[in-house]
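The values are calculated or read from the model by the stated rules, or taken from the named source; none is laboratory data. Since the model is a prediction, treat every value here as computed from it, not as a measurement. In this analysis, Cβ positions are derived from the backbone assuming ideal geometry, glycine residues included, and neighbour counts consider all displayed protein chains.
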Amino acid sequence: MAGRPTTDPSTEPTASRSSHPDADRHGRFCDVFVVGGGPGGSTVATLLSRKGHDVVLAEKEHHPRFHIGESLLPANLKLFETLGVADEIAEIGIDKWGAEFVSPVHDHVQPYNFGDAWDKSMPKAYEVERAEFDRILFRNAERDGAQTVEGTKVVDIDFHDNARRDEQGNEYYVTVTTEDEDKRRHEWRAAFLVDATGRDTFLANRHGWKRRSRKHNSAAVFGHFRNAKRNPGKEEGNITLFWFDHGWFWFIPLKNGVTSVGMVTWPYHMKSREGRSLEQFLFDNIDTVPELKRRLADATLVRDVQATGNFSYSADRSHGDRFLLVGDAFMFIDPVFSSGVMLAMQSGVFGADAIDTVLREPSQAKKALKAYDRQVRHGPKEFSWFIYRITKPVMRDLFMGPRNIFRVKEALISLLAADIYRGTPIWRSIGILKGIYYITSLGRLRHSLRDWRAHRRKVQPLDQES
């Protein structure tokens, strides 16, 4: 089998013409080398190890390490059971029974309870500290047989035109060069590579495959607070989304008494920060959202305010003959529906099946990789339709006044729960909901056109603004 990832010579990775002179020349072989020890990488490494493959899982940092994105979805729980970590995740998480939305132009809070979804069997999820969550998944991969390497970054990946053999006769198609914290370089030889580097997007950046979405472009400014006012009782762990004039805020309670609060906004508004610190910029915007300001009146910051670019993007490809991209290494969408961790883990599940087929049944490799591509595009596609419209007044009104005609509310809650892969028959009702959106927009045509033009201006990157 050819070792090239694709048949397009203008964009495919090619073998390096020269090796690294300071690299360890005693190459270490594995069936699969996974770059990145986040949820997607740990999931694919665990499942491939269980299938009997020799897997190396490399992480550039050391677990536990800080990461944003604490809110999980009910569909995650089935994945935890599959991986055998359900009890560990439950121990670190606070129960999340649903989500609620707060609008500046409506006089009520609109809850969505996962137990009201089409399928009632997934009534809750968790909010978790990602440092502990990612550590659990990473160590689980280790327990299941993956060789884990931390404090090691990948500096080069070479794909070979044809299969090569090492001194022991192992057939490999990829050479990976890593660098440890002492600046020592080592070579690894693998039959297959998984890019799970998250928003570092190692392969997509290196080979020019990364494409910024023209429909969505945002940044997040966030902090962690102690003593924020939460909902009482069972709803304590529910996530709250607050719309405001320049985007939206998240409010995510965590089990340790800390609450994650973040603002997702557009480039034009980030530009208005001017000389203010990130902390002052965040607090100034919190002051414009009365209910959020009330919840944080007695709260104190426990970690410095940070910012990250959350612009949506995708890579031109999800795979090649001897590699695939999982999670955010392939595609990132706005975090408004907390879909990131679930999509990353689910892509790891799909990826493990595809890679197992490539390695065991080469005649079925193209079919397996094509199926993987179809599977990993499905979730982001379904979420994105709503994400690109979530700040539009028409969509906000629909979210704040849901009706269950033709079971559209149940279907929407199922989507919010990420019940999109199991065959639950929600898609007719989702289609009806989209139709309601379009009909309502046509009924407000002048306002809809104005909002559309305004949104196009808002999402322009700063370097394109005058």
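A few notes on this one:
- Filter pass, ALA163 being part of a helix (DSSP H, G or I) and hydrophobic (A, V, I, L, M, F, W, C): no
- Subset of the stretch 223-282 (residues that are in contact with a Lys or Arg (Cβ under 6 Å, 6 or more places away or on another chain) and among the charged types (D, E, K, R)): LYS229, GLU236
- Counting only strands (runs of 3 or more DSSP E) that fall entirely inside the stretch 244-319 and contain at least 3 residues that are of a type in the set (Val, Ile, Thr) and either touching a Cys at 6+ places or on another chain (Cβ under 9 Å) or over 30 Å from VAL358 (Cα atoms) (or both), the qualifying elements are 258-265, 300-309.
- Just one of the listed residues (GLU127, GLU187) is surrounded by fewer than 21 Cβ atoms within 10 Å (Cβ to Cβ) and among the acidic types (Asp, Glu), and it is GLU187.
- Residue count, the stretch 252-299 (criterion: of a type in the set (S, T, N, Q), under 20 Å from GLU127 (Cα atoms) and at pLDDT 95 or above): 2
- Leading residue by the ranking (farthest from the chain's Cα centre (by Cα)) among those in the stretch 245-263 that are surrounded by fewer than 21 Cβ atoms within 10 Å (Cβ to Cβ) and closer than 22 Å to VAL105 by Cβ: ASP245
- Restricting the stretch 366-385 to residues that are hydrophobic (A, V, I, L, M, F, W, C) and out of contact with any Lys or Arg (no Cβ under 9 Å at 6 or more places or on another chain), the residue that is surrounded by the fewest Cβ atoms within 10 Å (Cβ to Cβ) is ALA371.
- The residues of the stretch 377-397 that are under 18 Å from TRP427 (Cβ atoms) and in a helix (DSSP H, G or I), listed by number, are ARG377, HIS378, GLY379, PRO380, LYS381, GLU382, PHE383, SER384, TRP385, PHE386, ILE387.
- Here LYS120 passes the criteria (1) part of a loop (DSSP other than H, G, I, E, B); (2) in contact (Cβ under 8 Å) with a residue 12 or more places away in the chain except the one numbered (2).
- Options ARG428, ARG453, ARG446, ARG422; residue that is at pLDDT 95 or above and loosely packed, with under 15 Cβ neighbours inside 10 Å: ARG428
- Meets criteria (outside the structural domain of ALA45 (by TED's automatic domain parsing), under 22 Å from the mean Cα position of the chain (by Cα) and among the aromatic types (Phe, Trp, Tyr)) for PHE222: yes
- Of the residues in the stretch 96-115, at least one is assigned to a helix (DSSP H, G or I) and either touching a His at 6+ places or on another chain (Cβ under 8 Å) or without any contact (Cβ under 8 Å) to a residue 40 or more places away in the chain (or both).
- Under the condition of being part of a loop (DSSP other than H, G, I, E, B) and touching a residue at least 12 places away in the same chain (Cβ under 8 Å), the residues counted in the stretch 166-194 number 6.
- When GLY309, GLY351, GLY340 are checked against the criterion of being farther than 21 Å from PHE159 by Cβ, crowded, with 20+ Cβ neighbours inside 10 Å and of a type outside the set (A, V, I, L, M, F, W, C), a single residue qualifies: GLY340.
- Residue count for the stretch 106-152, restricted to those that are touching an Asp or Glu at 6+ places or on another chain (Cβ under 7 Å), within 15 Å of LEU415 (Cα to Cα) and of a type in the set (Lys, Arg): 1.
- Residue list for the stretch 133-149, filter: within 29 Å of THR259 (Cα to Cα) and surrounded by fewer than 19 Cβ atoms within 10 Å (Cβ to Cβ): ARG139
- Verdict on ARG374 being assigned to a loop (DSSP other than H, G, I, E, B) and under 26 Å from the mean Cα position of the chain (by Cα): no
- Condition check for THR178: buried (at least 20 other Cβ atoms within 10 Å of the Cβ), more than 29 Å from HIS62 (Cβ to Cβ) and of a type in the set (Val, Ile, Thr): no
- When the residues of the stretch 1-59 are filtered to those that are part of a strand (DSSP E or B) and at pLDDT below 95, the one that is surrounded by the most Cβ atoms within 10 Å (Cβ to Cβ) is GLY27.
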